[in-house]
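Trainee: Here you go, one structure.
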Amino acid sequence: MWKIAVGFAVFAALAIYILSQGGDIDMGGEKHGGDAAHTESPTAAPAQATSEAK
Amino acid sequence: MAVAAPRPMSAEEKKVIFASSLGTVFEWYDFYLYGSLAAIIAKQFFSGLDEGSAFIFALLAFAAGFIVRPFGALVFGRLGDMIGRKYTFLVTILIMGLSTFIVGILPNYASIGAAAPVILIALRMLQGLALGGEYGGAATYVAEHSPQGKRGAYTAWIQTTATLGLFLSLMVILGTRTLIGEEAFADWGWRVPFLVSILLLAVSVYIRLSMNESPAFTKMKAEGKTSKAPLSEAFGQWKNLKIVILALIGLTAGQAVVWYSGQFYALFFLTQALKVDGPTANIMVAISLVIGTPFFIVFGSLSDKIGRKPIILAGCFLAAVTYFPVFTALTKAANPDLAAAQAAAKVTVTADPAECSFQFNPTGTKKFTSSCDIAKQKLASASVSYDNVVAPAGTPAVIKVGETEVLTVVTPEDIAAAKESAEKKLADLNAAETKDAKAIGAATASVKALSGEKTAKDAVFSGKLSAALKAAGYPAKADMAKFDKVTVVIILTYLVLLVTMVYGPIAAMLVEMFPTRIRYTSMSLPYHIGNGWFGGLLPTTAFAIVAQTGNMYNGLWYPIIIAGATVVIGGLFVSETKDVDIYAND
């Protein structure tokens, strides 16, 4: 059992290290269509810039 | 019931668990791959499609996830009960693995046109079909090799593969991206994670070929007692159908919503509702998963001693009664400015109720374009709490933030003024001595949006709303200086622990509810309907409730009601199974 625990700890530590180095990634799993529509709108950035331009 | 004397797990049992779990690692690896690479896959395979074809493909993609899997549970469950667990199990992993690998070598839309998305969707359908048979096979195979009194502990190992599959996908995707660079990854590097899966497939097939058939199935087959018609036995006779329905609404429905809420909705809530940046939210969730994952084994083993039912139903009960305070605490820890703005600024949407839809959109193909729907979409996406005020029929919706009114109707004069202002800002930024590339990029995007026929109105309305919300104290992003990492990890770990309570003992319980001759068929269907439909519909249902009611926590009513129903129905009608002799009726 201890070998599995150590193996899991090493594997998890490596994954978290890579995650901390690798930047942004979607960890939300597979989308079936509708879910994708509820993420941030692509017009959000221009809208923010538009509001800041005022 | 005789319980096996305590003894360490044998080498053969370890091999059985390892071989079975490899398939579910594969399943999870795939699940995360399609999530992480969704934008690239859409660009490679679907970007050239016209609107009508895109609509059909969106429906097919929905079907691959929601309809094909339960159908696969029926197809492979039936095979598993007729010809055996081992060979069915081998077929499902071969279909799953080869489908994944072929995606890695599939030419894109630019190379072969519409054939590319057609083949991709066909591969997704095949994968979905095989996935439907994989989990039930793994659970049945491991449980039928486990000694009495150890099934909870042994089958719980299968549940840990969700975390392993996630970490494996992260390492392969991020590792490849870091090695070859973003541009090459978007161009061809995205294929590597799909191609790498062939290694996982080779190991899985090699090990599974060397495995023996489940002893229970071998004995039943030797005695000629296998079912000739598992589907009609499992679902055509009320005696068994009743148990299938109870397994669904009294167990897997609650388990699924607690699982989705604890891992995926928590992440979605952090990034989309609380506006925490993606990388930070990912790290927080990953740490909580590392802490929580061993508890699958803890609760699986505990269920062998105190029972499956009390642990699963306690997890559902705790979820139902604590989700509101826990997610409120998460807001205060992750984005206290948002919590303060919600408490201080009164926002109303005044609209004609006939214009307001319940924005439930599971296939992603509906368009909500009335002024009321647009207003509510924007506010829900900005995590603004608001009250609904009834307006006379035919009146366009108006948002009021404090004393500031934001009209949903945008005139050509508004667009011209906003465009002039944005162009001036862009000119000023370009003329400045020190160039701010990020600001120039945002200003350029703004000018582009204001110049587009389809995007200008939305850009002006969104811009006005953003300005009004900013003035009322609503933060555009979470302030990381005020982000309480320790409290966030503690809260997320609590949510993962609830997941381990409901998920750790579930495989053993489902296996123990049905006789060997129809076990594979009977347990696979409620598992996939529970997780695919009740769990899979959580994000879109929660969003529709939030947009409808104007409270970002109200989406939690969906998992709370389902988990509550499972507590009541499971508590009243589902029997404890830990001491059941699964071979009694063979």
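Trainee: Which of the cysteines in chain B are isolated, no other cysteine C-beta under 4.7 Å?
Mentor: Within chain B, the cysteines lacking a partner Cβ under 4.7 Å are B:C316.
Trainee: Okay, moving on. Straight-line reach from A:K3: which aspartates and glutamates have Cα under 19 Å away, leaving out those fewer than 8 places along the same chain?
Mentor: B:E12, B:E13
Trainee: Based on the mean of other Cβ atoms within 10 Å per residue, sort peptides B:181-193, B:127-139 so the most packed one is first.
Mentor: Averaged packing, sorted descending, gives the order B:127-139, B:181-193.
Trainee: Hey, what's the Cα Rg ratio for the protein assembly as shown versus the globular rule of thumb, 2.2 N^0.38 Å?
Mentor: It is 1.01.
Trainee: Also, I was wondering about something else. HN-Hα J couplings of region B:400-406 from phi, Karplus 6.51/-1.76/1.60, θ = phi - 60°, integer Hz, Gly and Pro as x?
Mentor: 10, 10, x, 9, 8, 9, 10
Trainee: Sorted by packing (mean other beta-carbon atoms within 10 Å per residue), highest first, where do B:85-93, B:42-50 land?
Mentor: So the peptides B:85-93, B:42-50, ranked by packing, come out B:85-93, B:42-50.
Trainee: Give the average, rounded to an integer, of partner chain Cβ atoms located within 10 angstrom of each Cβ in B:258-264.
Mentor: 1
Trainee: What is the magnitude of the charge dipole of chain B about its Cα centre, with +1 placed on the Cβ of each Lys and Arg, -1 on the Cβ of each Asp and Glu, and no other charges, expressed in debye to the nearest 20?
Mentor: It works out to roughly 1180 debye.
Trainee: Further question on the same structure: So how do B:W157, B:W533 line up by other beta-carbon neighbours within 10 Å, fewest first?
Mentor: Listing B:W157, B:W533 from fewest to most nearby Cβ atoms yields B:W533, B:W157.
Trainee: Using only helices, what value at 222 nm comes out for chain B when you add -39,500 (n - 2.57) per DSSP H run of length 4 or more and divide by the total residues, to the nearest 500 deg cm²/dmol?
Mentor: -21500 deg cm²/dmol, from helical runs alone.
Trainee: Taking region B:273-372, which chymotrypsin sites (Phe, Trp or Tyr not before Pro) meet the DSSP loop condition and have no more than 14 other C-beta atoms within 10 Å?
Mentor: Sites meeting the loop and neighbour criteria: B:F358.
Trainee: Ok, one more. Given H placed on each backbone N at 1.01 Å, which residues far from B:T293 in sequence or on other chains put an amide H within less than 5 Å of it?
Mentor: Amide H neighbours of B:T293: none.
Trainee: Right, next: Along region B:331-339, what does the Karplus equation 6.51 cos²θ - 1.76 cosθ + 1.60 (θ = phi - 60°) give for ³J(HN,Hα), rounded to whole Hz, x for Gly and Pro?
Mentor: After applying 6.51 cos²θ - 1.76 cosθ + 1.60, I find 4, 5, 7, 8, 8, x, 5, 5, 4 Hz.
Trainee: Whose amide H sits under 5 Å from the amide H of B:D387, counting only residues 5 or more places off or on another chain, with H placed in the peptide plane?
Mentor: B:V347, B:T348, B:V349
Trainee: Roughly what % antiparallel, to the nearest 5, for the DSSP beta bridges in chain B?
Mentor: 65 percent
Trainee: Once R0 is set to 41 Å, what does the formula 1/(1 + (r/R0)^6) return for the Cβ-Cβ distance between B:A54 and B:M480, expressed as a FRET efficiency to the nearest 0.05?
Mentor: Working from the Cβ atoms, E equals 0.65.
Trainee: Now a separate question. How well do other chains shield peptide B:218-230, expressed as the mean number of their Cβ atoms within 10 Å of each residue Cβ?
Mentor: 0
Trainee: Taking the Cβ-Cβ separation of B:F358 and B:K242 as r and a Förster radius of 35 Å, what is the calculated FRET efficiency to the nearest 0.05?
Mentor: Here the calculated transfer efficiency is 0.60.
Trainee: Moving to a separate point now. Distance cut-off 24 Å, Cα to Cα: go down the list B:K424/B:K454; B:K86/B:K219; B:K239/B:K309; B:K346/B:K378; A:K31/B:K309 and report the pairs above it.
Mentor: Over 24 Å apart, Cα to Cα: A:K31/B:K309.
Readers should treat all values here as calculations from the given coordinates under stated rules, not as data from a laboratory. Keep in mind it's a predicted model, so treat the numbers as computed, not measured. Note that we place each Cβ from the backbone using ideal geometry, even for glycine, and neighbour counts take in every protein chain shown.
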